[in-house]
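Here is the structure we will look at, set down as structure tokens.
The values are calculated or read from the model by the stated rules, or taken from the named source; none is laboratory data. Source: prediction; values computed, not measured. Here Cβ is always computed from backbone atoms with ideal geometry, including for glycine, and neighbour counts include all displayed protein chains. Keep in mind that these areas ignore ligands, DNA and RNA; they rest on the heavy atoms of the full protein, side chains included. Shrake-Rupley method; radii C 1.70, N 1.55, O 1.52, S 1.80 Å.
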Amino acid sequence: MISSVRSLLSLFLQSACPLCQRSTPTEFCPNCTRQLQQSQLPNPAQFWQEQPAVFAWGWYAGNVRQAIRQLKYEHQPQIARPLGQWLAQAWLEANLDRVPVIVVPIPMHGEKQRQRGYNQAELIAQSFCQFTGHSMRVDGLERLRSTEAQFNLSAAQRKQNLLQAFKIGKAFQKEKPKYPVLLVDDIYTTGATIQATTQILHQHGIRVRGVATVAKARLWKDE
Ligand SMILES: [Zn+2]
């Protein structure tokens, strides 16, 4: 696992902080860590009563946006570990549900994941589970195609396009999860992905508790 190897190596090696380039033995330097932690929402459960239920650690803005962009586009997979840990700590503090959940990261399309080398949602979910003790099913959902070029589609076409982009994964084809699913993603924007994946899980008789995300976009925009 890249992140654990990296954190082990970082005991001996200093690397550049992905946000300020200062040399640091940890994923972010102490200064950026402090600034990032100040970006945590005062109440990450403020959208938990909405439909779908959203648990968001921070806004997709400022240094949180910068960190997620580094994680996704600058090949900095180690950043997922602290982000997943902070999401987990906020989740445990909020103490929303005493019932266990099965964590399912939003999958990436195979080709895109091969290009990137990892799925950031899966790495965040892995770290989240490490700290919360929840179980994870990486193959609870499967992504059949990428859905980025949606701008020229109507709202109804987009919805249909997203529904066709996912299917139930191998793990749940064999056996339904015992507990409700908690989806995990790096960013929550319009909610269209979460609605589509929730609908697919519901069609198979699988309950969905909501989504835990590192960052929620403030504005409505295309996913
Ligand atoms: Zn820094």
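Brief remarks follow.
- Scanning region 149-158 for residues that are outside any helix (DSSP H, G or I) and either modelled with pLDDT of 95 or more or surrounded by fewer than 11 Cβ atoms within 10 Å (Cβ to Cβ) (or both) yields A149, F151, N152, S154.
- Residues of region 17-47 satisfying the condition of being polar (S, T, N, Q), over 12 Å from A215 (Cα atoms) and within 16 Å of the ligand (Cβ to nearest atom): Q21, S23, T24, T26, N31, T33, Q35, Q37, Q38
- Flag for A67 being out of contact with any Lys or Arg (no Cβ under 8 Å at 6 or more places or on another chain) and buried (at least 17 other Cβ atoms within 10 Å of the Cβ): yes
- Hey, A121 in contact with an Asp or Glu (Cβ under 6 Å, 6 or more places away or on another chain) and either open to solvent by less than 80 Å² (accessible area, probe 1.4 Å) or closer than 28 Å to L36 by Cα (or both) or not: yes
- Restricting region 34-47 to residues that are open to solvent by 20 Å² or more (accessible area, probe 1.4 Å) and assigned to a helix (DSSP H, G or I) leaves a set whose member that is farthest from A217 (Cα to Cα) is R34.
- When we screen N95, N161 for residues that are touching a Leu at 6+ places or on another chain (Cβ under 8 Å) and modelled with pLDDT under 95, the only hit is N161.
- Look at region 17-31: where a residue is part of a loop (DSSP other than H, G, I, E, B) and a partner is aromatic (F, W, Y), sitting 6+ places away or on another chain with Cβ atoms under 6 Å, you get C17/F28.
- Any chance N31 is surrounded by fewer than 17 Cβ atoms within 10 Å (Cβ to Cβ), at pLDDT 95 or above and within 19 Å of Y188 (Cα to Cα): no
- Some residue of region 48-61 being within 16 Å of the ligand (Cβ to nearest atom), surrounded by 14 or more Cβ atoms within 10 Å (Cβ to Cβ) and in contact (Cβ under 8 Å) with a residue 40 or more places away in the chain: no
- Odd one out for N95, checked against (1) open to solvent by less than 10 Å² (accessible area, probe 1.4 Å); (2) more than 16 Å from the ligand (Cβ to nearest atom): (1)
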